[in-house]
Amino acid sequence: MKGIAKKLIIVSFILSIMATASVYYYLNSLKNNKKEEMVNIIAAQVSIPKGTVIQKDMLKEVEISKDALLDSFITDYSHIVGKFAKENIVKDEIIIKEKLQSENINELSFQIDENKRAVSMNVTGDTGVSYLIKPGDYVDVIVFLQEKREANKLIRPEIAKMILQNVKVLAVDRNLSRENSPKDDGKVPTNFFVTLEVPANDVEKLVLAGDIGVVKLALRSVKDDKIINTNGTIDSDLLKGSSGTSSTNTKTKYIYYKVKKGDTLRNISRAFYGVPDNYALLKEINKIKDENIIVPGMVIKIPVAFE
């Protein structure tokens with residue numbers, strides 16, 4: 001009997017261990033089979049440049065493990081839409097609070113498009129459209145170059161050339177906002193600054209033009225964004241008919257005329273061109289500041305076209 005009892009005790013002990021092991025493995029399997037909890041967070045559907053007002057169609061939801069959720073992640077569209085990107089956000093990047101700003105970033109670097117540069121020009125009422133330009137306008141840039149001579153040989157005639165077209169005005173003086181333009185007191189300042197958004201490849205061209213010539217701005221219509229081809233204009237082009245057509249072999253030569261008593265630039269223009277309207281050309285070519293002040297004996301050069 002004692003032997004049988006001993007065997008029963010041993011069997012019971014083994015069965016107890018087996019039952020305990022079974023319960024342990026069962027509970028452990030339940031833990032391992034528990035489904036991982038996921039949450040939706042907001043990411044960029046497209047690349048978003050800094051300074052951009054973020055819209056819902058720029059965003060998307062992505063699913064991550066709740067265990068990977070950080071405090072800086074955003075789970076609600078309403079916490080992003082309408083805010084400004086403080087930094088560039090690349091496509092598929094998770095949006096974090098630190099890259100958002102609730103108010104507009106009124107800094108010039110945030111207003112410049114990619115591959116553009118901000119370049120300021122010192123202009124006058126004459127060269128800057130009488131201080132009528134405002135941020136957000138578009139202008140063309142024209143440079144006037146005087147004739148160039150080497151060893152008394154004409155290398156380049158006087159020429160006006162449009163070097164940039166449809167360029168955005170970023171600021172006038174230090175004003176970046178069209179709505180907050182300073183009150184117009186009816187006076188044109190002697191000098192003021194216009195900051196343009198210039199394609200990176202054209203920055204050097206604009207800087208050189210301002211250094212060797214006279215740069216002027218031409219304000220564009222809000223209805224016109226066309227780009228035109230131009231070869232520039234020299235003084236002989238001013239003598240062409242209104243149609244602008246002439247022989248491609250037409251050249252310019254100068255007649256030197258000695259002013260007589262009673263002469264005016266308008267009378268001289270009428271004598272050589274048949275109309276008085278070319279007096280402005282004579283005034284420009286001869287660097288005459290006041291058309292009414294020419295004196296007898298003075299020699300002026302008069303451009304004429306010939307084949």
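The values are calculated or read from the model by the stated rules, or taken from the named source; none is laboratory data. Quantities reported herein were computed from a predicted structural model and do not represent experimental measurements. All Cβ positions, glycine included, derive from the backbone under ideal geometry; neighbour counts span all protein chains shown.
What to note about this one:
- Cross-chain or 6+ apart pairs with Cβ under 8 Å, the stretch 226-239 first and over 19 Å from V141 (Cβ atoms), then among the aliphatic types (A, V, I, L, M) and modelled with pLDDT of 80 or more: D235/L281; D235/I285; L238/L281; L239/L281
- Qualifying residue in the stretch 176-194 (condition: farther than 30 Å from K287 by Cα and part of a strand (DSSP E or B)): no
- Boolean, E107 is within 25 Å of T230 (Cα to Cα) and acidic (D, E): no
- Within the stretch 51-106, the set of residues being among the hydroxyl-bearing types (S, T, Y), outside any strand (DSSP E or B) and touching a residue at least 12 places away in the same chain (Cβ under 8 Å) comprises T52, S72, T75, Y77, S102.
- Test: V90 is exposed (fewer than 12 other Cβ atoms within 10 Å of the Cβ), under 23 Å from the mean Cα position of the chain (by Cα), at pLDDT 80 or above and among the aliphatic types (A, V, I, L, M): yes
- Check on P157, more than 19 Å from the chain's Cα centre (by Cα) and under 15 Å from T124 (Cα atoms): no
- Residue match in the stretch 147-156 (condition: touching a residue at least 24 places away in the same chain (Cβ under 8 Å), out of contact with any Leu (no Cβ under 9 Å at 6 or more places or on another chain) and either surrounded by fewer than 16 Cβ atoms within 10 Å (Cβ to Cβ) or not charged (D, E, K, R) (or both)): no
- Restricting the stretch 71-83 to residues that are of a type in the set (A, V, I, L, M, F, W, C) and farther than 9 Å from I96 by Cα, the residue that is surrounded by the fewest Cβ atoms within 10 Å (Cβ to Cβ): V81
- In this structure, V139 qualifies as within 17 Å of the chain's Cα centre (by Cα), closer than 30 Å to K226 by Cα and modelled with pLDDT of 90 or more.
Results for (1) basic (K, R); (2) modelled with pLDDT under 90; (3) closer than 26 Å to Y279 by Cβ, shown as yes or no for each residue.
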| residue | (1), (2), (3) |
| --- | --- |
| A171 | no, no, no |
| E179 | no, yes, no |
| P189 | no, yes, no |
| E197 | no, no, no |
| D202 | no, no, no |
| K205 | yes, no, no |
| I212 | no, no, no |
| K223 | yes, yes, no |
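- Within the stretch 213-235, tally of residues that are surrounded by 11 or more Cβ atoms within 10 Å (Cβ to Cβ) and more than 18 Å from the chain's Cα centre (by Cα): 9
- Failed criterion for D113 (all others in (1) under 24 Å from the mean Cα position of the chain (by Cα); (2) surrounded by fewer than 18 Cβ atoms within 10 Å (Cβ to Cβ); (3) touching a residue at least 40 places away in the same chain (Cβ under 8 Å); (4) farther than 26 Å from I228 by Cβ hold): (4)
- Strands (runs of 3 or more DSSP E) completely within the stretch 111-164 that count 2 or more residues being of a type in the set (F, W, Y): 138-145
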